[in-house]
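What follows is a short report on a single structure.
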Amino acid sequence: MTEREAVEASGARCQARPAAARHGWREDVLCASNANTSVCFHGMHMPVCRMHEAAFARWGSEAEAKAASLWAWSPDPTLARVE
């Protein structure tokens, strides 16, 4: 099973935008809400939608800093490490 298939099978939510107060509402209307892929953030798989995967890739060397700033991500040792 590929990483993409594993993320899709898990039913994970896109972690690129924190959820607002209302259940199911997303600040970013283009976000699919459900994750269908993941990106490597400080050596960990972070489930995201394809749109946010593209944004992360576009940021290049600044991707981790921008994700921390814009998406409120921080390294979490409980997440699966990228091998």
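The values are calculated or read from the model by the stated rules, or taken from the named source; none is laboratory data. Worth saying up front: this structure is predicted, and the values here are computed from it rather than measured. Note: ideal-geometry Cβ built from the backbone for every residue, glycine included; neighbour counts use all protein chains shown.
Applying the condition of being among the charged types (D, E, K, R) and under 16 Å from W71 (Cα atoms) to the stretch 1-52 and asking which residue is modelled with the lowest pLDDT yields R26. Is it the case that some residue within the stretch 53-60 is at pLDDT 80 or above, among the charged types (D, E, K, R) and either under 23 Å from P75 (Cβ atoms) or crowded, with 17+ Cβ neighbours inside 10 Å (or both)? Scanning the stretch 53-60 turns up at least one residue that is at pLDDT 80 or above, among the charged types (D, E, K, R) and either under 23 Å from P75 (Cβ atoms) or crowded, with 17+ Cβ neighbours inside 10 Å (or both). The residues in the stretch 61-72 that are of a type in the set (A, V, I, L, M, F, W, C), closer than 13 Å to R17 by Cα and at pLDDT 90 or above can be counted, and the count is 1.
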